[in-house]
1. Taking every pair of distinct Cα atoms and averaging 1/r, then inverting, what Kirkwood hydrodynamic radius in Å comes out for the stretch 253-357?
2. So if a site counts as exposed when it's one of the GluC sites (Glu not before Pro), its DSSP state isn't H, G, I, E or B, and it has at most 11 other Cβ atoms within 10 Å, what's the longest stretch of the chain without one?
3. With the cut-off at 1.5 for a/c, could you classify the stretch 196-297 from its C-alpha gyration tensor as rounded, prolate or oblate?
4. Among bridges DSSP assigns within the chain, what percent are antiparallel (round to 5)?
5. Starting from the Kirkwood radius over alpha-carbon pairs of the stretch 100-159, derive D by Stokes-Einstein at 20 °C in a medium of 1.002 mPa s and give it in µm² s⁻¹.
6. Between 0 and 90 degrees, rounded to the nearest ten: what's the tilt of helix 297-306 against the longest Cα principal axis of the chain?
7. Please label the shape of the stretch 3-101 as rounded, prolate or oblate, based on the square roots a ≥ b ≥ c of the eigenvalues of the alpha-carbon gyration tensor (a/c under 1.5 means rounded; beyond that, a/b larger than b/c means prolate, else oblate).
8. Over all distinct Cα pairs, what is the inverse of the mean 1/r for the stretch 193-248, reported as the Kirkwood hydrodynamic radius in Å?
Amino acid sequence: MNLPLPSPDAAAHSRELVAAITREIGLAGGWISFARFMELALYASGLGYYAAGARKFGAAGDFITAPEMTPCFGRALATQVAQVMVGSAPFVLEVGAGSGRLAADLLLELEQRGALPERYDILDLSADLRERQQATLAAAAPHLLARVSWLDRLPDAFSGVVVANELLDAMPAHIVAWREDGIFERGVSLDEQGGFTWNERPASGALLAAAEEIGRQCRLPPGYESEISLAARAWSGEWGHRLQRGALLLIDYGFPRREFYHQQRGRGTLMCHYRHHAHPDPFYLPGLQDLTVHIDFTAIIAAADGSGLDLLGYTSQGQFLLNCGILDLLGAQPADTPDYIRAAGAINRLIMPHEMGELFKVMAIGRGLDVPLCGFAAGDQSRRL
Ligand SMILES: C[S@@+](CC[C@H](N)C(=O)[O-])C[C@H]1O[C@@H](n2cnc3c(N)ncnc32)[C@H](O)[C@@H]1O
């Protein structure tokens, strides 16, 4: 791999995290699951990628997310958020708010429409990002800051709209290998030089049950390897007893199960992002790169449905944004200005099928709403799940 070299400080930071993970592997008897490795690499206190000070999002970071590309993403999403609030309660909870950009864009657009939520709560695992979210909102929407609160855990009871853009893909996932002689969990051990190396153990418990079901449904051939995100399933199922009335809007890259576990995707979907280079090696500079997996949306709705919630819509990001009027937002801007050209380029990337329009999906899950959601009015793909 020909990747940019880290600064001496960044390299030292990564070495500290490597030492912490190495210690944990030793204490665990020589093996940890990949899900635990991913959790430490991303969230280990003060050292993990999201827990420490790396820039992460945007041009100066490692990857770019939709809210960082154009305010039109948040402004279009506001159409759906406003509709759900009318049918439920005037509250928004954003989980995994990154830099705070989406919160600022949503709040400013909702204000324009006379549809401000009474409260906009943010929950993020990362204390470092919480500071960044506060700074973004203080700069972009200081007059709305009083409506924003930061939570330390999911609320016991909530009505309104839960928004999560690229949250589920950042949750630690297990990796499973379907082999001739059984189903194995891929984990991490140390090689003779003390470096991280893959190591397999027979899968067990909930992971084995999930892997058996997927193997049967998708007829996976021996040698097939992929991820199963028990954390994303558990998080989605949690809402069964927490959401009283309203909807979760989950935006992420992924597929229905049969496409996720497609015969041609036999090495899974794990991807690492380091300074705008995408590569498949999760052991490269832990703490300095993002690790991410695609979402099996069939598993997400099964978990939510099992906890008593309904599927309210599922479609591609491109179709969702078109349904929410993103082109009208663009059309309302003065044409041929640098801002217009920038916004048009970003919207193109967000909606075109060969860019982010088709790979990213939007899923709405909820209860107690009695009108169809506008973001899924055309092109709903729920039957593919
Ligand atoms: C890939 S980033 C996406 C950030 C932002 N939504 C965006 O689109 O730019 C994932 C975010 O989710 C947060 N996160 C991951 N797991 C979480 C959890 N279980 N609860 C709350 N936040 C979480 C991370 O700290 C990070 O801010």
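1. Working: mean 1/r = 0.0595 Å⁻¹.
Hydrodynamic radius (Kirkwood, Cα pairs) of the stretch 253-357 is 16.8 Å.
2. On the way: sites that count: Glu118, Glu180, Glu192.
Result for the longest clean stretch: 193-385.
3. Numbers: a/c = 1.69, a/b = 1.16, b/c = 1.45.
The shape class here is oblate.
4. On the way: 39 of 62 bridges.
Once the DSSP bridges in the chain are tallied, antiparallel ones form about 65 percent.
5. Numbers: Rh = 12.0 Å.
My calculation gives 179 µm²/s for D.
6. The helix 297-306 is inclined about 80 degrees to the chain.
7. Working: a/c = 3.74, a/b = 1.84, b/c = 2.03.
Oblate, because a/c is 1.5 or more while a/b does not exceed b/c.
8. On the way: mean 1/r = 0.0694 Å⁻¹.
Kirkwood radius, the stretch 193-248: 14.4 Å.
The values are calculated or read from the model by the stated rules, or taken from the named source; none is laboratory data. Predicted, not measured: the structure shown is a model, and the values here were computed from it. For neighbour counting, all protein chains shown are included, and Cβ atoms are generated from backbone atoms with ideal geometry for every residue, glycine included. The area values use the complete protein model at the heavy-atom level, side chains included, leaving out ligands, DNA and RNA. Shrake-Rupley method; radii C 1.70, N 1.55, O 1.52, S 1.80 Å.
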